[in-house]
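These notes concern the structure reproduced below.
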Amino acid sequence: MAAVSQAAFDELIHAPLRLQICAMLAPVQSLPFADIRDSLEISDSVLSKHLSALAEAGYVMVSRVRANSRSRRQVTLTKLGRTALRGHLAALQAIASIAEPAMAQELSGAPSPKRRRARREVTLGPRTA
């Protein structure tokens, strides 16, 4: 049974490419660097930069494996990375759940509750030329 993570917004994971990288790695044990790069349609240097940030936090591990006499990089989401991703996704779901009732009401065409606007009085001084 997977450990339940508390909702915790994670600034490091939240960057769009990092979130996509973590999401791609979550359902698998590991992925080749080239597969991630090609799926996201980004350059080696951009992917390396994002993986370095995630690796520094301990969220991913990048290792070299030999295949067909070539050395290839393999990327794995660590246990800490999986926990952080679960917590971040829970935080995003909590944020989205706040908007869902309003969005559902808007889509259904039902009138939305009227918000009272605060009246603000502005006193203008005499105009000087």
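Just so it is clear, none of the values below were taken in a lab; they were calculated from the coordinates. These figures come from a predicted structure and were not determined experimentally. Glycine also receives a Cβ, built like all others from the backbone with ideal geometry; neighbour counts cover every protein chain displayed.
List of remarks:
- Whole-Hz couplings from phi, Karplus 6.51/-1.76/1.60, listed for the stretch 61-70; x for Gly and Pro: 10, 10, 10, 9, 10, 8, 9, 6, 6, 10
- Here ASP10, ASP44, ASP35 are placed in order of increasing Cβ neighbour count within 10 Å, fewest first, which gives ASP44, ASP35, ASP10.
- Compactness of the stretch 11-108 as Cα Rg over 2.2 N^0.38 Å, two decimals: 1.30
- Pairwise FRET efficiency - ALA34 versus PHE9, Cβ, R0 = 30 Å, nearest 0.05: 0.45
- Cleavage-rule hits (chymotrypsin sites (Phe, Trp or Tyr not before Pro)) in the stretch 1-82: DSSP loop, at most 15 neighbouring Cβ within 10 angstrom: PHE9
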